[in-house]
Amino acid sequence: MQLLNVAECWEANADAWTRHVRAGFDIYRDALNSPAFLSILPPISGLSGLDIGCGEGTNTRQLARLGAAMQAIDIAPTFIRHAQEAERAESLGISYQAADATNLPFENCSFDFATAFMSFMDIPDQAASLRETHRVLRPGGFLQFSILHPCFVPAHRKVIRDDEGNATAIEIGGYFDRIDGRIDTLWFSALPDDMRAKDTPFHIPRFHRTLSEWVLMINDAEMVIEIFSEPCADLSLAEQQPVVADTRVAPISLIVRVRKPI
């Protein structure tokens, strides 16, 4: 699948995606993945940062509230429009623009850090996006990104449940199958039926890579791995938000922090 087709998919998703996430239906993001990401983020107050694949800008705004001077990009112009509208409503000094993560519109060594919340796995050429991020980081700068977990969300994933509906195991398959643009359809699981009747499911291009491929791409981009983190709902969160209880069996996302050597 070419970059143009990926952009078309996300542009088609952007309006409904924005409405749904801002209404609180992306439970994995709001209850688990983003809090886990931010909990291990190094101090960023006073630093310049780039958010890659920013979507409608919620996470970018959280970074700005932590004191960073933020710029952000996304491949879908409609996402950028929604993000800019939020910036006009409450200015945090964020600059948004539509751009491609494999051809970043910034000079070398422009940023102290970069982030990518659940976006790198949606890029056809992840190796190029890592190399571009390395290019725009200053020496000593870091990139922190989250992706669907390569080991536990490969070509096939199914949650096994007991008679009471509790997650007891995860069935996976096709880990070594290289996926280059398979279109998956999905709803946020918390989305009510009346909203499903008004919108179509999201069409998500998949680009699965194994964990070892991710490590090789990071090494080839001349960055050094600092940390892996696998968000897991604690018992209290799982009881409050049963949607994320399956992460107590196996994680659905992986957070990685890498650094550009000095």
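The values are calculated or read from the model by the stated rules, or taken from the named source; none is laboratory data. Every value quoted in this text rests on a predicted model; they were computed, and no experiment measured them. Note that each Cβ is placed from the backbone with ideal geometry, even for glycine, and that neighbours are counted across all protein chains shown.
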Residue selected from region 107-117 under the condition surrounded by 18 or more Cβ atoms within 10 Å (Cβ to Cβ) and in contact with a Lys or Arg (Cβ under 7 Å, 6 or more places away or on another chain), by the criterion farthest from residue 50 (Cα to Cα): 112
When both residues are 6+ apart or on different chains and their Cβ atoms are under 9 Å apart, which pairs have a first residue that lies in region 5-22 and is among the small types (Gly, Ala, Ser), and a second that is assigned to a helix (DSSP H, G or I) and modelled with pLDDT under 95? 16/195; 16/198
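Can you confirm whether region 110-119 contains a residue that is within 22 Å of residue 190 (Cα to Cα), in contact with a helix residue (DSSP H, G or I) (Cβ under 8 Å, 6 or more places away or on another chain), of a type in the set (Gly, Ala, Ser) and modelled with pLDDT of 95 or more?
First, pick out the residues of region 110-119 that are within 22 Å of residue 190 (Cα to Cα): 117-119.
Restricting the remaining residues to those that are in contact with a helix residue (DSSP H, G or I) (Cβ under 8 Å, 6 or more places away or on another chain) gives 117-118.
Subsequent filtering for residues that are of a type in the set (Gly, Ala, Ser) retains none.
Scanning region 110-119 turns up no residue that is within 22 Å of residue 190 (Cα to Cα), in contact with a helix residue (DSSP H, G or I) (Cβ under 8 Å, 6 or more places away or on another chain), of a type in the set (Gly, Ala, Ser) and modelled with pLDDT of 95 or more.
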Could you give me the residue pairs with C-beta distances under 8 Å whose first residue belongs to region 124-153 and is acidic (Asp, Glu), whose second residue is assigned to a helix (DSSP H, G or I) wherever it lies, and which are 6+ apart or on separate chains? 125/3
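Output the residues belonging to region 73-112 that are small (Gly, Ala, Ser), more than 20 Å from the chain's Cα centre (by Cα) and closer than 17 Å to residue 61 by Cα. Can you show your working first?
If we filter region 73-112 for residues that are small (Gly, Ala, Ser), which is where we start, we get 76, 83, 86, 89, 91, 93, 95, 98-99, 101, 110.
Okay, now just the ones that are also more than 20 Å from the chain's Cα centre (by Cα), so 89, 91, 93, 110.
If the condition is that a residue be small (Gly, Ala, Ser), more than 20 Å from the chain's Cα centre (by Cα) and closer than 17 Å to residue 61 by Cα, then 89, 91, 93 are the ones that fit.
Of all the residues that make up region 182-225, how many are part of a strand (DSSP E or B), farther than 30 Å from residue 259 by Cα and not acidic (Asp, Glu)? I'd like the intermediate steps shown before the answer.
Applying the first criterion (part of a strand (DSSP E or B)) to region 182-225 yields 182-186, 202-206, 224-225.
Still in the running and farther than 30 Å from residue 259 by Cα: 182-186, 202-203.
Okay, now just the ones that are also not acidic (Asp, Glu), so 182-183, 185-186, 202-203.
Count: 6.
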From the options 196, 206, 182, 257, residue that is crowded, with 17+ Cβ neighbours inside 10 Å, modelled with pLDDT under 95 and either in contact with a helix residue (DSSP H, G or I) (Cβ under 6 Å, 6 or more places away or on another chain) or not aromatic (Phe, Trp, Tyr) (or both): 206
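Let me confirm something: among 143, 130, which residue is in a strand (DSSP E or B) and on the phi < 0 side of the Ramachandran plot? So that I can check it myself, show each step before the final result.
Values: 130 fails: in a strand (DSSP E or B).
Going through 143, 130 in turn, the sole match is 143.
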Among residues of region 145-156, those that are more than 16 Å from residue 28 (Cα to Cα), more than 14 Å from the chain's Cα centre (by Cα) and crowded, with 17+ Cβ neighbours inside 10 Å, counted: 1
Only one of (1) closer than 27 Å to residue 138 by Cα; (2) within 15 Å of the chain's Cα centre (by Cα) fails for residue 47. Which number is that? (2)
Which pairs have Cβ atoms under 7 Å, sit 6 or more apart or on different chains, and link a residue in region 173-198 that is in contact (Cβ under 8 Å) with a residue 40 or more places away in the chain and within 28 Å of residue 209 (Cα to Cα) to one that is in a loop (DSSP other than H, G, I, E, B) and aliphatic (A, V, I, L, M)? 180/1; 181/1
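Could you please give the count of residues in region 218-246 that are under 15 Å from residue 146 (Cα atoms) and of a type in the set (A, V, I, L, M, F, W, C)?
Of all residues in region 218-246, those under 15 Å from residue 146 (Cα atoms) come to 218, 225-232.
The next check asks that each one be of a type in the set (A, V, I, L, M, F, W, C); those that pass are 218, 225, 227-228, 232.
Result for region 218-246: 5.
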